[in-house]
Amino acid sequence: QKKKAGKKEEAQEELEALKNQMNADQEKARRGLNASFEHLNLEAYEGLLADLRPPFEAIESIASILRQKRRSYPLLLSDSLLAQKMVVDSFALAIAGGNLQGFEHTRVLRLKLEALKDYFSLVGYFELRMREIIELIESDDVNKSLKTIIVIDFDDVKDELEKIRINPFLLGYFLRMFKDLKTISFIMSTSRRVTIEDDSFDRYFSLVEI
């Protein structure tokens, strides 16, 4: 009897330790995501996103591109960073309000690109950091059932990107690293018109001009 009780107690302790470890891992993942992203859905729910009412056609264009089976990503083109962010914020608001069909279980995360700007010139660093970030998203068991849209506003670090002449081919190389992911999509925005003139643009992107 004592042996059985001892084994049962030992098993309970192991189970408790496992639960604590899982909770610690989940908390670590959440902290990592909070450090890397702005959670636009949460900001929408908390009333922190202003709806400046951009043309609904722009919102629907983004939604239509992301609904397609063909792996293509919306690239927003505008001379104004404010306009770029305004459209994406309204897209997130529409999702949070349940006004976009097909996005009922979707979160929109804006990458804090500013934190990575000093490393764009280091070959492979940005890709490495993105791999780590994607792993954080995939290890986030609490939100495992959610689809995730990652927003990358390249004009947040416009000067740094001008130095390395980022183009669709480089972006395509970056996107191909995540081609097997079924729950993660991207929205990108820029003011660099030379980007859409590249021959490889249509291979990876669909243009949404604002």
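Annotations for the structure displayed:
- Taking a Cβ cut-off of under 13 Å around LEU81, the surrounding Lys, Arg, Asp and Glu residues balance to a net charge of -3, with basic ones at +1 and acidic ones at -1.
- Cβ-defined net charge surrounding ALA96, 12 Å radius [Lys, Arg +1; Asp, Glu -1]: -4
- Peptide packing for 46-55, 59-68 was compared via the average number of neighbouring C-beta atoms within 10 Å per residue; ordered from the highest value, the list is 59-68, 46-55.
- Largest accessible area first, the residues LEU93, LEU75 order themselves as LEU93, LEU75 under a 1.4 Å probe with ligands, DNA and RNA left out.
- Accessible area ranking (1.4 Å probe, heavy atoms, ligands and nucleic acids excluded), largest first, for GLU38, GLU127: GLU38, GLU127.
- Residue pairs exceeding 24 angstrom between C-alpha atoms, taken from LYS85/LYS117; LYS69/LYS158; LYS85/LYS147; LYS69/LYS147; LYS117/LYS182: LYS69/LYS158; LYS117/LYS182.
- Amide H within-cut-off set for TYR73, under 5 Å, with H built and near neighbours excluded: PHE205, SER206
- Placing MET188, MET86 in order of accessible area, with the largest value first and a 1.4 Å probe, yields MET86, MET188.
- Efficiency of FRET between SER139 and ARG71 - r from beta-carbon atoms, R0 30 angstrom, step 0.05: 0.80
- Label point distance in nm, TYR45-GLU114, each placed 7 Å from Cα along Cα→Cβ: 2.5 nm
The values are calculated or read from the model by the stated rules, or taken from the named source; none is laboratory data. The structure displayed is predicted, hence computed values, not measured ones. For neighbour counting, all protein chains shown are included, and Cβ atoms are generated from backbone atoms with ideal geometry for every residue, glycine included. Quick note on the areas: whole protein, heavy atoms, side chains included, nothing else; ligands and nucleic acids left out. Shrake-Rupley method; radii C 1.70, N 1.55, O 1.52, S 1.80 Å.
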